[in-house]
Every structure is written in structure tokens, then in C-alpha cells.
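First up is the structure itself, then whatever we jot down about it.
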There are 2 protein chains.
Amino acid sequence: MYRSHTCGELRLANAGQTVTLAGWVQRVRKMGSLNFIDLRDRYGITQLVADENESKEINELVASLGREYVIQATGVVTERQSKNNKIDTGEIEIKLTELKVLNKAVTPPFTIEENTDGGEDIRAQYRYLDLRRAPLKRALELRHRMAHEVRNYLSNVGFMEIETPYLIKSTPEGARDFVVPSRMNPGEFYALPQSPQTFKQLLMVAGYDRYFQIVRCFRDEDLRADRQPEFTQIDCEMSFVEREDVLNTFEGLAKALFKNVLGKEFTEAFPRISYKDAMEYYGSDKPDIRFGMKMNTITDMVKGHNFAVLDDAEYVGAIVVPGCAGYTRKQLDELTEWVKRPQVGAKGLIYIKYNAEGIKSSIDKFYSADDLKAICSAIGAAEGDLVLVLSGEKKKMQGALGTLRLEMGNRLGLRDNSVFAPLWVCDFPLLEWDDETQRFYAMHHPFTAPKPEDMEKFYSNKKEDLEQVNANAYDFVLNGTEVGGGSIRIHDSKVQERMFEVLGFSKEDADYRFGFIINAFKYGAPPHGGIAFGFDRFCSLFGGQETIRDYIAFPKNNTGRDVMLDAPSRIDMAQMDELFIKSTAPEQK
Amino acid sequence: MYRSHTCGELRLANAGQTVTLAGWVQRVRKMGSLNFIDLRDRYGITQLVADENESKEINELVASLGREYVIQATGVVTERQSKNNKIDTGEIEIKLTELKVLNKAVTPPFTIEENTDGGEDIRAQYRYLDLRRAPLKRALELRHRMAHEVRNYLSNVGFMEIETPYLIKSTPEGARDFVVPSRMNPGEFYALPQSPQTFKQLLMVAGYDRYFQIVRCFRDEDLRADRQPEFTQIDCEMSFVEREDVLNTFEGLAKALFKNVLGKEFTEAFPRISYKDAMEYYGSDKPDIRFGMKMNTITDMVKGHNFAVLDDAEYVGAIVVPGCAGYTRKQLDELTEWVKRPQVGAKGLIYIKYNAEGIKSSIDKFYSADDLKAICSAIGAAEGDLVLVLSGEKKKMQGALGTLRLEMGNRLGLRDNSVFAPLWVCDFPLLEWDDETQRFYAMHHPFTAPKPEDMEKFYSNKKEDLEQVNANAYDFVLNGTEVGGGSIRIHDSKVQERMFEVLGFSKEDADYRFGFIINAFKYGAPPHGGIAFGFDRFCSLFGGQETIRDYIAFPKNNTGRDVMLDAPSRIDMAQMDELFIKSTAPEQK
């Protein structure tokens, strides 16, 4: 062992001990005859000191040290003259008696500090240096702890982690598969799994009634910001359960994570909200409930004042922005432009400023002060508040008002990343009608069960009835982000047949697409359901960060490249020949 | 929840309780007016009983049940008349008050029993049914426990599990890569990792001084029996360590696994043996030391008796087979044929039968009874023992004698799979000379460090010196199988340059092949080393089985196919077009 201690553990209690440390040179400073080295490793920073009056040899070596040199240092733990209370080892320093350079380092292209001077590209290219920085170290440590807690919790309640294959069969449904040509089976390809969905359902058929896996998934999608072609899921499935059992089990998991990783105890049950209410009150199926500012439907209340915009609107909704009655004309104009951006999509913005000296609104012409006061009072706006109103097509404007709500939450600092507000969103519609193809699509996937109480409507032949059937599905939402999603699955082959019928699949269609699992289900499928959590996202939220990239050791960029490795890359013709493929890319034709 | 208890937990203490179970019908039996059902789930089997004199309805339902039906059963826990001490629930049965069929099942193509009547192919095709059998359940449970123990142990001693990417860069070295065409980067390919070797070394450069990962690896090799194209490794690396630290850490891990998973306590240090001694005494670099029967080199002892075969032999080796002096002519002839098979490769077999009534040997013509007795005495053969001798080219015959030793161990029942004999094999040669290409190859990989004491020879220009340089490498061997292997890596760039020189790489060559990691090492690489364990194999050995396939939930067959999924398979032309590839397989040209 090159060290007796790490750079994070020595304290005043160790004073007088001779210790050996090893690590990287963070910086070297000279003060009079004293040379100070900040020595860094995974565990912290410890100050080393060499006195020029004592060992010339050591001090010459110190003078030769550069940033990021790897050194081994032996000396005596001593109380510091001037203590540093910002670091755990700040009360002591090591008076050097021996120093050895284990490895030199060329100067890194950016500083290895809490906040670096390196841009995103250069840090991605030298990821192994960026990973030396404390924020990334904290991120990966958090991820390790999260994974460990998940495994402990689930193992303790009887779940088995079972590894499922990565080289599987390509299915034409859904997002694009990454494929892998097979050398031993010419002309054939494996696919990398988008999720272990099929396998976990097979494991239920096989009787492994509590399965989980922290597992990589692959999706060849055009990458939006903060999406990765490979990502990690906490994948779970249970047999002989109803929705309530699944929710309770994984609420338990989430609470254990909050408690053991973040020290935050949730004693109450997480709120549950229906998809319908989520849309009505938050304009989103993943509401951020760290703050209130709920949306109010005022469609009926505002009609009949000869104001066509509102009279004709399918939907009029309002939020009460607390304490913002003082917003200036300029601020309101800017906000109006903001809601008109295509990403929000409103046609305009109506405001009501509820000032102490009276109510002022952009619709004064049509509504009297009393009318406006009545609206304010109905939606709970008080003196000093600003009411913002959007109107138009219901679905679209609910979404727009939800987006505006989040923006106002941001502007008022109500979305604090150290505050955690988890909830369950339930009762999603089972089916989505597509006007273009004139058929229903499964909102989750065709194995998601309808809610038991909606079974009658599920067998109706009326479109309106079918549209009202809710899925026995649920999402776990944290701070406005969908972190987990799952459902109770169909285990009754008759219900499954009906599902295919509703989706407009012929028996042949269904067999072609899902024959494999349909077949397995003939041999005794238990009632089952499950959930999958986006682990990268879960970690980044726990870390209070917006981007998942820091929570992945070696992530890819927005074009799916690993710029450190320079992958993907060309391969040899010979290698392609062996795999029975040929490139048709323009340059290689 | 569809059940109040599992099928494995009810005991006499529960008598009188009303319980609800759910599971699969193992079998139904009728005895007089009583109908018995064995109900099975992951946890065990519980007997249900329905009395025809009590509920006609229930008994009619029972009569309709087939094997593997999924049912829900409610009833009262009652002490059995005739107890079954073979199962944990054998003292009780459930007197049915309610019975519900949750799902029917068509008759499975083989019996779901400890020993099934199904052949390997049909079981592979219906893997989800085979997985219902107790032996596979035990295998996957063992695997889960192993993984969990590994993670707990390593986390407790400061290791972080860090996930490394699966979509990486193809490198032309070593075994074949599986590749993945990139849609977003036309003409370019990712590769699936053969191991995270590069990444774990980068993590050391990044300062994550104790890394591990239970990780999938991919190798596109022609599959020998019991090899899988995707397999799982326990991958580990440490910084600021010497060999001793790595061995102690992972000996600790192995001991914890033996203790916590198998209840076997190893209080002594695992034996260590050099590669040279392993070859000399066991004819193998992965000795099975569950039994003795060590090989003896008797080359010099047997010379000078005018027996050309032995006089001219580079190597003569003997094993003492205890208590087998009574072997018949026929048995010895059969054994002689056995050693002459190409898999063993000996030219013939010499025997000495040390009987009470005298010594008898196939070389009586050249050696007197006293000569033979002297040999016997030198190698520790006693009355009743059989001595088997092979001679010829040293390396080849050491291997052949080692194989014969294992065979005799088998025949004598000395290789009990419930006995565990772990050891470390160390001091492998660093380099292997290849006559054909007239150059050295790295026996492990070019980043493996030479042993510190062999540094002088490593800088010699003499082939004989270089051949004697030992690697700072080690294998973990269990019951004759290499389960783990690793090394201290080179961290000094001068040593690394010398390594490339010895391997005959030009600077350009080295940069082309390894430039990426050489570059990273310039920024301050700490001394480091690691190990990787074959997890599938580790599990199968712990389970006392020869084959790893039962320890993988969804394995592939010998041609790399998943016969259950029928993967790999053809993909759409459109899909290939999108990926900028074309198949050149005969049928698809």
C-alpha cells in the first residue's frame, strides 16, 4: 500500500502520528521559508508543509512539482497555525519528512477545481480529468449510494435481481432499435433492448414474483437535450399484486432513498392525483408541486361580457401569482411575448393586477372592477397578487398555462432544487385516438390493463366510451419530472384479445407483433404489474441538478458520440466482411 | 394483494389461521373423498385439501384444474394427518373454503419437476417454463445472493460501483468485437465492450481509487461449450496498491462469499503457487487442489537403464494413484488408450503397480524390482498404489499428466463439488515468444507490469532473460477453474515504452493501438492494479455445477442463438437503409 491514510481522514486527534499519503498535487504555495502543498485524492484534501530550513532536498523536489503530479508524502501530523474550517482536515497539516514523485503530469487543459475554467467540449474530451473535480465526484458517489440503497431495500423485501440479455431480438414496434450484426448467423441481427419489459413479464410467468434489475437500456432516437442513447433503469415487476401493492412497495423504496441518501424523512403518504386533475390544476401530467399557484378553470365565470376572445374560448384558465401585482407594463409585455413563443403557444396574455389602490386589468374595457374582483375572489387572489389568464383550445391552453405556471415559479424562486415534492399520477387514459389513422393507440403499451371499474366501457363499441377507459397505470413524478412509470399488466387472455381488437389488430397482426409473449402467457400467467425508474434522472434530481450528464461517468454528446473515445468510428472492411455487411454511407459506397 | 402468505412459509404454528395463497398447480391427487392440490410458488409448495363431503362447488373446480393452472386459494391452516418431512410446509395443509382460477394453462411440453422429462432443446425454447423448476430457481437465487454479497462487501470497504458505457469504440486488438452501426453517424460503428479494462484504468487516472462493477461483457468468439457471447464480470480496480493489497482485498471478498453464501468459513490464507510450480506439480495453470496426487518429475531418476523412450525424454513425470495397484490389464489398456487421445496427446502410458506381493510394471524389462521400488519410494508411493508415468516433450507432457491426474481424481471420486479449494496462481511469465512471427507477445495485456524484482531482466536484450521476466499478475483458481485474473498495471511511462519496445511496436504502432490511454496516462496516473472475476462461472461453481447455463436466466446456445426469442433474426431493409448498411449474406445480396 502506498499510503497509511487517505487525504480526507486526518484530524487533530491524529497529531503526532507519522503518516503516509498519496494523491494528486492540487496546488503548491510558498510563504517565506515554507512550501505548502494541497494534496488531493477521492476523499479530500490535506495540506503538506516543507520548511526550507529543514530539508533542502525535499524543498527542491517540492519546487519541481506541477499541478496534478502524483506524489507519495510521509510526515508528521501537526496542528495548523491558521486553521481552515472549509475542509474536514483543516485543523492539521503534515510536516514532510519524505516525498516521492510517483508520476509526473503534463499541465491539464483546464483547472481541476469546484468551478473549472474549461468549456463543455474540452471537458468531455478529457472526461478522466473532469471526473477529478469535486462536483463530478459527488455525483458519482451519490449514484453509487443510490444504487446500493435500491438494491438493499428491494432485496430486503424479497426482490431478486435477475440479469436479462442485452443481445435480443429486434421488434418493429416503437422507437428504433440499435442492432448488432451476427457473424455466426449471416444476414441476421441482434437488437439491444429498449427495456427488459418482455423479459420481466416472462419472469413473472416463470414464477419469480419479485424481480428487479438496475439495467442499461438502449434507444436509437434523435437525441433531445439531455437524452442518452444508453441509459439506466431501475426495472421492477411483481406478481399477485394490485395497483395499491405496487404503489406502496415503490413508495417505500422512494422514502428509503430520501431518508438514507438525503436524510429527508417523508412520514406522510405521497400525494396521488389523477391524470385529469393533473392537467386541470397543473397543465401537465408531471406536475411540479413544490409550489402552489394551481390553475383555475374560469371558462364559465368570464363569459357574457361581450368579449369575444373569452366568450368563444373552449377554455379559460387563470393562475394567481402571489405578490406580483406591482409588475410593470414592461414586465407584462415581456411576459406576453414569452407566452406567445411557439414553445408555449398562447395567442395572448390577460392580466389582472389586484393592487391595494384598486384592480387594474388588460380587459378593463369588458369587465368592471367588481367583475374582476369577483374573479379574483373566486380563484383566491388577494391584494398584491397578479392574476394571469390564458384562453383558447382546452388541451393546448392547459399545457400553456402549466408552462407559464412553471415559469412564474422559476421567477419567484419557488422551485428550489433542495426541496423534494414527490407524487403519483394515476388513471391515465388507456387509449389515444389518432385522427390520421382513424384508430386507437395504446397510451403506454398494449399489455397495460384497463382499470377494473372501467371494464364495461372497455367492451363498448362507442368511441366516447373507449376514450374514457382509464389505464391501471401510474407515474412517479418528482419536482416536475417523470422519474418512474408503470402499470398493472393484462394477464387474462380474453382481455388481451379485446385489447388487440380495440387497437385494430387482426389475430395475425397480433401474433406477428407479440406472438412470443402471447404464447408464453398461455402457460399460466399470474396477475402482475411493475414499474421502471429512470435511474440517471433520479440521481440528478437527488443531486439537485438539471442535467443527467454529470451523473453518468462516461456520457455521450447530443449526436450520440463519445468524444473522449471518438466513438462511433470506422471499422475495417475485413471486419464488415466477416459480419456479412457493407456500408452504404456516401463515402464508403 | 392476491395472497396473505407465500407457499413456503406456513408452519404448524399457523394452525387455525385463515390464509390465502396464490400460485401454480403442481399436481392434483384424489384419495377417497379428499382432493389434494400441491400449490407451488417461488417459495415452496403447500398442500391444499378439499373434502367432497363439504363443498361440491370447490371439488368440481378442483376436478377441472390442470397442471400449471394459476389459482388463488383460501382456507384454514390445519395439521396434516400424514406429515411430509421433505418440505418445510410438510406439517400442515390448507382446508379449502374458497378457490378461484386466476388463469388457465395449456399443458406444458415437459414436466415442471426437480428432474424433468424435457430435453435440452425444448427446455431452451420454453425457458420461462424451465425457469419454474426448482434447480433453476435455486441457481438464480444463488446468483442474486452472490451479487448482493459482492456489492455489500466491496461497498463496505470503500469501493464505488461505477457504470461504464456499452456503446464504445472498436479496437483491432484481441478477440472480435460485436459492433453496432450508428444511424446518426453514417458509416461508423460502436463496439460492445469485451471488458471495461480501459475505462477502469481511466477511472484510476480520474482518482476513483476503489472501483468495481458487476458488468456485462461481449465477445464475438466461436463458442466453445459453455461459453456465452455475453457474460458477466465482477470487474475491480484499485489505486495506490501493490500486489499484496489486491490479493488480500479479494481474498477477503472470496472468504465473505464462502461464509455468507455457502456457510463455509476459511480461516487460513488461501494457498499461493507460482505458475512454474503449478505446471510442475499439477500440469495446469489452474490446479484443482481438492485432492493431492501431485505430479513428480522423475526425468533424471529413470535415465540410464537402456530404455530409449525415457533416456531420450526431455521430461518424465509420474503420479501416484492411491489404492489402485489392483487395476487390471484391461483397465490399464483402456487408460493407455485414453491418454493417447488427441485431447491428452501422450504417446503411451507406463505403469508401476505396487502390490503387496511385489511390484509389477510395464517397464520390467529395463528396471529391476529394486529400481522400481526406489522410484516408488522417491515419489511417495506405498503398497497398494498405482504409479502412472508419462514421458516426452516437457510442456506437452506436463499438461498431459495434469489431465490424467484430473481423470484419476474423477475416477476416484476426489473431485467433490461440495468441497471448495481456492488458491492464487502468481508469477506468470510476462511474455510469450512466438516462433512464427519471431516476436514476443504479452501473456496478459501490454499494460501488465513486470514484477519489481525482474526489472533488470526486463531491460535486457537477451531473449532468455526476457523469457524469465515474471508478470505482476495473478489468477484466482477454484476447483480447477480460473475464476478471476488480474495484475498490477504499468503506471510509469518509461516502463510502458520499454514494454512496447519489447513487443516490437514502433511509437506509431503503439499510438495507433493504445494512443487514447497512453495520452490519459500523461496527466498523472497513480500506481494501480485490479482483477476481474467471471461471475457466471463463480456462481456455477458455488452451486456445485459444471455448466454456467443454468446460472444465466436467458442464455444463448452454442451458435449464439437465443432459441426462445429466435434471435438473432432478419431485420427490415428499411432499417438497414437507415443505418447505412447492406447485408452481404448469400440470401440477401
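The values are calculated or read from the model by the stated rules, or taken from the named source; none is laboratory data. The structure presented is a predicted model; accordingly, all values stated were derived computationally and were not measured. Note that each Cβ is placed from the backbone with ideal geometry, even for glycine, and that neighbours are counted across all protein chains shown. Ligands, DNA and RNA are excluded from the accessible area calculation, which covers all protein heavy atoms including side chains. Shrake-Rupley method; radii C 1.70, N 1.55, O 1.52, S 1.80 Å.
Which percent of Cα-Cα pairs in the stretch A:513-553 sits in each 10 Å bin, short to long?
24, 25, 15, 25, 10
Toward the positive end of the charge dipole of the protein assembly as shown, about the Cα centre and with charges on Cβ (Lys, Arg +1; Asp, Glu -1), which of A:A206, A:F542, A:C217 goes farthest?
Value computed over the given set: A:F542.
Evaluate the relative contact order of the stretch B:291-411 (contact order divided by residue number), counting alpha-carbon pairs under 8 angstrom at least 6 apart; express in whole percent.
35
Ordered by residue, what ³J(HN,Hα) values in Hz, to whole numbers, does the stretch A:524-538 give under the Karplus form 6.51 cos²θ - 1.76 cosθ + 1.60, where θ = phi - 60° and Gly and Pro are x?
Couplings: x, 8, x, x, 7, x, x, 7, 9, 10, x, 6, 4, 5, 3 Hz.
Translational diffusion coefficient, Stokes-Einstein: compute it for the stretch A:291-411 using the Kirkwood radius over C-alpha pairs as Rh, at 4 °C and 1.567 mPa s, and state it as an integer in µm² s⁻¹.
Here the translational diffusion coefficient equals 92 µm²/s.
Rg to Rh for the stretch A:12-103: what is it, with Cα atoms only and Rh by Kirkwood?
Here Rg/Rh amounts to 0.92.
Using a 1.4 angstrom probe on the protein heavy atoms only, could you order A:D220, B:D300 from most to least accessible area?
Working: A:D220 5, B:D300 130 Å².
Order by accessible area, largest first: B:D300, A:D220.
Eight or more residues apart or on different chains, and alpha-carbon atoms under 21 Å: count the Lys pairs in the stretch B:62-208 matching that.
4
Of B:L39, B:Q17, B:N53, which is farthest towards the positive pole of the stretch B:12-103's charge dipole, taken about the Cα centre with +1 and -1 on the beta-carbons of Lys, Arg and Asp, Glu respectively?
B:L39
What shape does the stretch A:365-500 take by its C-alpha gyration tensor, where a ≥ b ≥ c are the square roots of the eigenvalues and a/c under 1.5 counts as rounded, a/b above b/c as prolate, and the rest as oblate? Before the final figure, lay out the partial values.
On the way: a/c = 2.95, a/b = 1.78, b/c = 1.65.
It comes out prolate by the Cα gyration axes.
Expressed as a whole percent, how much of the Cα-Cα distance distribution for the protein assembly as shown exceeds 59 Å?
It works out to 26 percent of all Cα pairs.
If the cut-off is 14 Å between C-alpha atoms, which aspartates and glutamates fall inside it for B:K330, apart from same-chain ones fewer than 8 positions away?
Of all the aspartates and glutamates, none pass the test against B:K330 - Cα under 14 Å, at least 8 places apart if same chain.
Rounded, prolate or oblate: which fits chain B, taking a ≥ b ≥ c as square roots of the Cα gyration tensor eigenvalues, rounded meaning a/c under 1.5, else prolate when a/b beats b/c? Write out the running numbers ahead of the final one.
Values: a/c = 2.13, a/b = 1.34, b/c = 1.59.
Note, shape of chain B comes out oblate.
So for chain B, taking the charge dipole from beta-carbon charges (+1 Lys/Arg, -1 Asp/Glu), which of B:M295, B:F514, B:T116 sits furthest toward the positive end?
Looking along the dipole axis, the top candidate is B:T116.
Looking at the calculated P(r) for the stretch B:103-196, what percent of the C-alpha pair distances fall above 23 Å?
Of the Cα pairs, 60 percent sit more than 23 Å apart.
Could you name the lysines in cross-link range of A:K373, using Cα to Cα under 16 Å and dropping any fewer than eight places away on the same chain?
Of all the lysines, those that pass the test against A:K373 - Cα under 16 Å, at least 8 places apart if same chain - are A:K303, A:K353, A:K360, A:K365.
Which aspartates and glutamates, if any, have their Cα less than 18 Å from the Cα of B:K259, not counting same-chain residues under 8 positions apart?
Candidates past the 8-residue exclusion: B:E141, B:E149, B:E251, B:E268.
As an exercise, find the ratio Rg/Rh for the stretch B:72-146 from alpha-carbon atoms, using the Kirkwood inverse-distance average for Rh. Working shown, then result.
Details: Rg = 16.2 Å, Rh = 15.2 Å.
Rg/Rh: 1.06.
Quick one: with label points 7 Å out along Cα→Cβ, list the inter-copy distances for B:S362 in nm, shortest first?
10.2
Kindly write out, for the stretch B:112-117 in residue order, the coupling ³J(HN,Hα) from the Karplus curve 6.51 cos²θ - 1.76 cosθ + 1.60 (θ = phi - 60°), rounded to whole Hz, with x marking Gly and Pro.
Result, ordered by residue: 9, 9, 3, 10, 9, 8 Hz.
Calculate I(q)/I(0) for the stretch B:210-366 by the Debye formula, one identical point scatterer on each C-alpha and no solvent, and give its log10 at q = 0.11, 0.13, 0.14, 0.17 Å⁻¹ to two decimals.
Each listed q maps to, in turn, -0.76, -0.93, -1.00, -1.18.
Under the definition of Cα pairs under 8 Å and six or more residues apart, what whole-number percent is the relative contact order of chain B?
13
To test your reading of the geometry: what angle, between 0 and 90 degrees and rounded to tens, separates the Cα axis of helix A:134-156 from the longest principal axis of chain A?
Long axis of A:134-156 versus the principal axis of chain A: about 60 degrees.
From the phi angles alone, apply the Karplus equation (6.51, -1.76, 1.60; θ = phi - 60°) to the stretch A:284-289 and give each ³J(HN,Hα) in whole Hz, x where the residue is Gly or Pro.
Calculated HN-Hα couplings, in order: 7, 8, 9, x, 8, 9 Hz.
Compute the distance from the alpha-carbon center of the stretch A:449-476 to that of the stretch A:322-336, in whole Å.
Centre-to-centre (Cα) distance: 43 Å.
Angle between the Cα long axis of helix A:507-521 and the longest principal axis of chain A, 0 to 90 degrees, nearest 10?
Taking Cα atoms only, the helix is inclined about 60 degrees.
Once the label point is placed 7 Å from Cα along Cβ, list for B:M1 the distances to the corresponding points in the other copies, in nm, shortest first.
4.5
Nearest 500 deg cm²/dmol is fine: what mean residue ellipticity at 222 nm does chain A get from its DSSP H runs of n ≥ 4 alone, each adding -39,500 (n - 2.57), divided by its residue count?
Working: 17 runs with 172 residues, N = 589.
Helix contribution divided over all residues of chain A: -8500 deg cm²/dmol.
With a sphere of radius 12 Å drawn around the Cβ of B:L423, what net charge do the other residues whose Cβ falls strictly inside it have (Lys, Arg +1; Asp, Glu -1)?
Numbers: positive: B:R272, B:K286, B:R290; negative: B:E251, B:E268, B:D277, B:D285, B:D288, B:D475, B:E482.
Residues near B:L423 contribute -4 overall.
Relative to the first principal axis of the alpha-carbon coordinates of chain A, what is the inclination of helix A:243-262, with its axis defined by its Cα atoms, in degrees from 0 to 90 and to the nearest 10?
The helix A:243-262 is inclined about 30 degrees to chain A.
Given the C-alpha centroids of the stretch A:370-391 and the stretch B:358-387, what is the distance between them in whole angstrom?
Using only Cα atoms, the two centres lie 109 Å from each other.
So what is Rg over Rh here for the stretch B:200-281, counting just Cα atoms and using Kirkwood for Rh?
With Rh from the inverse mean 1/r over Cα pairs, Rg/Rh is 1.04.
Need one word for the stretch B:255-332: rounded, prolate or oblate. Basis is the Cα gyration tensor (sqrt eigenvalues a ≥ b ≥ c); a/c below 1.5 gives rounded, then a/b vs b/c decides.
Cα axes put the stretch B:255-332 in the oblate bin.
In whole Å, how far is the Cα centre of the stretch A:137-174 from that of the stretch B:240-301?
The stretch A:137-174 and the stretch B:240-301 have Cα centres separated by 33 Å.
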